[in-house]
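> Right, I'll just put the structure down here and ask away after.
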Amino acid sequence: MKKIAILPGDGIGPEIIAQAVRVLEVLKRDGLAIEWSFAPLGGAAVDEFGSPYPSLTQNLAREADAILLGAVGGPQYDTLDRPLRPERGLLAIRKDLNLFANLRPAILYPELANASTLKPEVVSGLDILIIRELTGDIYFGQPRGIAVNELGEREAYNTMRYSEGEIRRIAHVAFAAAMKRGKKLCSVDKANVLETTEFWKEVMIDVAREYPEVELTHMYVDNAAMQLVRRPKQFDVMVTGNIFGDILSDEASMLTGSIGMLPSASLDEKGKGLYEPSHGSAPDIAGKNLANPLATILSAAMMLRYSLGEETAAVRVEDAVKKVLAQGLRTADIFEAGCEKVSCSGMGDAVVAAL
Ligand code: NAI
Ligand code: MG
């Protein structure tokens, strides 16, 4: 029996998670060996336990095979001291569980072709996966700081660093993901200027020998940023470091036009992962049954695929989502003329029916 820790969080978190749980209930009813328990994270956890990542949540998350998260944060928490802020809960759980591999698919569903700002012929059928290293690079490298230099002028610095082990483990995640898809991997670097990423490229090439079926290519990050808007469909899986991945994954997500559709996964070395929609807690629509639950439902599909070893169930959920879109059902964020507007729970009803 696989265990899932479910952390609804704040804002629209509980509403969108409720719809994903209905999907899991269908799968369980049909024989999938999963069970789950709930715990608070973020503001909800501060309210209940005085900490954004309390020990109850920590214990549940550590024991689980996978974690499904809604979103955290909200204006009512903005005046709290930094250690109590909801975002701290998210950073704490990522660090605690060593979730170093961030997977962000950017898929343009044909029914939502008008949501993209790019021309249909450029983006139609887009299905790429960006893999971002999440716990190293210039965001964490030491030394860092602000100091006064020899000339008496203030100077700020950060350090770009990657150890061989850190690159190898993200490379394996990327090659394994490419094996499950189109067997094409593009590693993004700035090897012409930065030693760190020259080393990154060297290690990627070395790991590639263990995956002879995958075609490995390399691209400089500035060109990759350009190619993502010029001809995004040339990519299948992309892998890159923390800072380049932060920027490129946000760029790629916008090609699809709709934040309410985008799932994400953050994985550790053993394939355990935390799955969450790419969006936040949307306080402006919280409690109104308006949110799009599909990013969360698609995050649950990623969880089935990457942490629970249930590829068939993952495809079943993704197919159900495609079916409701083909039926013309839309939450407010993706609504267009000629479609039928549904609520958050209404979209959940439709996905359950399609399953
Ligand atoms: P947001 O993603 O929550 O909202 C941006 C806009 O998109 C809003 O207009 C919202 O209504 C809309 N939106 C987001 N998700 C939607 C959905 N599923 N269906 C329909 N519309 C949706 O980003 P924002 O406003 O910058 O942040 C709000 C709060 O969320 C803040 O407290 C922020 O810190 C937190 N946040 C949490 C994240 C997480 O838990 N991983 C990530 C990003 C922000
Ligand atoms: Mg970002």
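> With just the Cα atoms defining each centre, how far is the range 232-270 from the range 28-47? Give it in Å.
So the two Cα centres are separated by 25 Å.
> In addition: Give, as a single signed number, the net charge of other residues whose beta carbon lies under 13 Å from the beta carbon of Ala147, with Lys and Arg counted +1 and Asp and Glu -1.
That sum, taken over residues with Cβ under 13 Å, equals -1.
> What's the FRET efficiency of Glu164 with Tyr220 using the Cβ-Cβ distance as r and R₀ = 22 Å, to the nearest 0.05?
Efficiency computed from Cβ-Cβ geometry: 0.55.
> Tell me which residues come under 5 Å, amide H to amide H, from His218 once H is placed; ignore anything under 5 positions away on its chain.
For His218, whose amide H was placed from the backbone, the distant partners under 5 Å are Ser187.
> Mean 1/r over all different Cα pairs, inverted: what Kirkwood radius does the range 287-355 give, in Å?
Hydrodynamic radius (Kirkwood, Cα only) of the range 287-355 equals 12.3 Å.
> Per 0.36 nm of contour for each residue apart, how much would the distance between Lys184 and Asn289 grow if the chain were fully extended, relative to their Cα-Cα spacing?
33.8 nm
> At 7 Å along Cα-to-Cβ for each site, give me the label-to-label distance between Glu251 and Phe49 in nm.
4.0
> Let me ask you something else. Per q in 0.14 1/Å, what log10 I(q)/I(0) does a Debye calculation on the alpha-carbon atoms of the range 127-255 return?
-0.61
> Compute the length gained on full extension between Glu63 and Ile243: take 0.36 nm times their separation in residues and subtract their Cα-Cα distance, giving the result in nm to one decimal.
Residue separation times 0.36 nm, minus the Cα-Cα distance, leaves 61.8 nm.
> OK, next. On the first, second and third principal axes, largest extent first, how far apart are the outermost C-alpha atoms of the chain in Å?
63, 49, 41
> Extending each Cα 7 Å along its Cβ direction at Leu56 and Met1, get the distance between those two points in nm, one decimal.
Roughly 2.1 nm, to one decimal.
> Still on this structure, please answer the following. I want the local charge near Asp236. Using Cβ-Cβ distances under 15 Å, sum +1 for each Lys or Arg and -1 for each Asp or Glu among the other residues.
In short, +4.
> Hey, another quick one. Spelling out what I want: for every residue of the range 294-307, take phi, set θ = phi - 60°, compute 6.51 cos²θ - 1.76 cosθ + 1.60 (Karplus), and round to whole Hz; glycine and proline get x.
Residue by residue, the range 294-307 yields 5, 4, 6, 5, 5, 5, 5, 5, 4, 4, 4, 6, 8, 10 Hz.
> Multiplying the sequence separation of His172 and Glu155 by 0.36 nm and subtracting their Cα-Cα distance, what value in nm do you get?
The His172-Glu155 span can extend by a further 2.4 nm.
> Sorted from fewest to most neighbouring beta carbons within 10 Å, what does the list Val342, Val207, Val239 look like?
Lowest count first: Val207, Val342, Val239.
> Each label point is 7 Å from the Cα along the Cα-to-Cβ direction; what then is the distance between the points at Ala337 and Val352, in nm?
Reported label-point gap for Ala337 and Val352 is 3.4 nm.
Each reported figure results from applying straightforward, stated rules to the coordinates on display, with no laboratory input. Note that this is a predicted model, so its numbers are computed, not measured. No Cβ is skipped: glycine too gets one built from the backbone with ideal geometry, and neighbour counts run over all protein chains shown.
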